[in-house]
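Read through the structure below, which is laid out as structure tokens, and then see the notes.
We did not get these values from a lab; they are worked out from the coordinates using the rules stated. The shown structure was predicted, so the numbers you read here are calculated from the model rather than taken from an experiment.
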Amino acid sequence: MADPGFADAFLAEAVDIIGKLDRPAIEGLALSLAATRQRSGRLFILGVGGSAANAS
């Protein structure tokens, strides 16, 4: 049987990490991406591959 406290620990850690995010920086990035899209600009994403690197 799985550890009954795993989900609670996982979610508590997620809440802690989310609470530390720089919200103004995320908002600024979202605005920059929206402006790039509005002017039909291009966004190049580089990485080492894998499904996390998929973009469209």
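The table that follows gives values for the structure above.
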{"item": "Spread of Cα-to-Cα distances over 10 Å intervals beginning at zero, given as percent, for the range 6-53", "result": "20, 26, 38, 14, 2"}
{"item": "Potential extension, Asp22-Arg42 segment - 0.36 nm per residue separation minus Cα distance", "result": "4.7 nm"}
